[in-house]
Amino acid sequence: MASPVNSILGIDYSFTCPAVCAFTQDRPKWFVHYKKEGRPYSALPNVTWSISNATTEIKRYIELAEWVLDIMRLMSPTCVVLEDYAFAANGRITQLSENTGTLKVKLYEHYPNVPVHIVAPSTIKKFATGRGIATKDDIWAAFIQREPQTEAWAKLCHPKAIRIGSPVTDIADAYFLAQYGRTHFLSQA
């Protein structure tokens with residue numbers, strides 16, 4: 001398959017619920033891979049869901065990297081934008097580092113000619129909202145302002161939740177990573 005014009009992937013990578021936004025011909029398409037037992041999330045327009053089968057952390061790292069490679073084969077991007085580690089990240093930092101490192105190695109092995117741009121979370125927040133210290137709620141508000149048809153997604157995924165959370169926050173982050181890449185890197189691809 002030939003590469004679509006102006007194709008780009010924005011990847012909000014994590015261990016539990018990574019999201020990818022692929023832009024081709026000014027239309028976003030999302031991919032989400034979650035590690036969740038029980039009932040899957042509601043179907044959302046232009047979102048392809050994958051559920052984990054991994055039984056160990058290392059198998060999950062490989063499963064997620066292979067999932068991104070599958071999206072790369074499907075979408076043939078000319079550029080990838082990946083969110084960098086947060087400066088004040090907390091939690092399982094080693095897990096995050098090993099997971100992302102596995103992806104970076106696989107991308108280099110399989111797609112050495114596709115540029116991968118690493119962008120700081122504060123840069124993406126500022127791009128999305130005008131503030132480098134924006135909250136998930138701020139990013140979600142900016143996302144539904146640009147993509148108004150997605151406003152109901154948070155309630156579809158978590159009908160009883162008071163605050164927004166994963167996977168919709170991951171979808172919004174991936175969207176702004178892709179948009180940032182379209183603005184800053186496509187002319188270099």
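What the table below lists for this structure:
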quantity: Percentage relative contact order, the chain, counting C-alpha pairs under 8 Å, at least six apart; calculated: 30 percent
quantity: Ordering of 171-180, 151-160 by packing [mean C-beta count within 10 Å, highest first]; calculated: 171-180, 151-160
quantity: Positive-end extreme of charge dipole, the chain - chosen from 69, 172, 149 (charges on Cβ); calculated: 149
quantity: Neighbour-count ranking [beta-carbon atoms within 10 angstrom, fewest first] of 169, 183, 48; calculated: 183, 48, 169
quantity: For 33, 184, order by how many other beta-carbon atoms lie within 10 Å, fewest first; calculated: 184, 33
quantity: Semi-axis lengths, Å, the chain, gyration tensor of Cα atoms, sqrt of 5 times eigenvalues; calculated: 22, 21, 17
quantity: Fully extended contour minus Cα-Cα distance, from residue 54 to residue 149, at 0.36 nm per residue; calculated: 30.9 nm
quantity: DSSP beta bridge pairing in segment 8-188, given as percent antiparallel to the nearest 5; calculated: 50 percent
quantity: Spin-label proximity, residue 104 to segment 136-177 - amide N less than 19 Å from point 7 Å beyond Cα toward beta carbon; calculated: 177
quantity: Helix-only CD estimate at 222 nm, as mean residue ellipticity for the chain, using -39500 (n - 2.57) per DSSP H run (n ≥ 4); calculated: -13500 deg cm²/dmol
quantity: Whichever aspartates and glutamates have a C-alpha closer than 17 Å to that of residue 136, once near sequence neighbours (fewer than 8 apart) are set aside; calculated: 12, 83, 84, 147, 151, 170, 173
quantity: Residues 27, 131, sorted so that the one with the fewest Cβ neighbours within 10 Å comes first; calculated: 27, 131
quantity: Residues listed by number, segment 171-186, amide nitrogen under 12 Å from residue 84 label point at 7 Å toward C-beta; calculated: none
quantity: Kyte-Doolittle mean at least -0.5 and Cα axial length at least 20 Å: DSSP H helices in the chain; calculated: 57-75, 168-184
quantity: Residues of type lysines that residue 35 reaches as a straight line, Cα spacing below 16 Å, ignoring anything fewer than 8 places off in the same chain; calculated: 59
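Values in this text are rule-based calculations from the coordinates and carry no lab data. Just so you know, these numbers come straight off a predicted model, no measurement behind them. Glycine also receives a Cβ, built like all others from the backbone with ideal geometry; neighbour counts cover every protein chain displayed.
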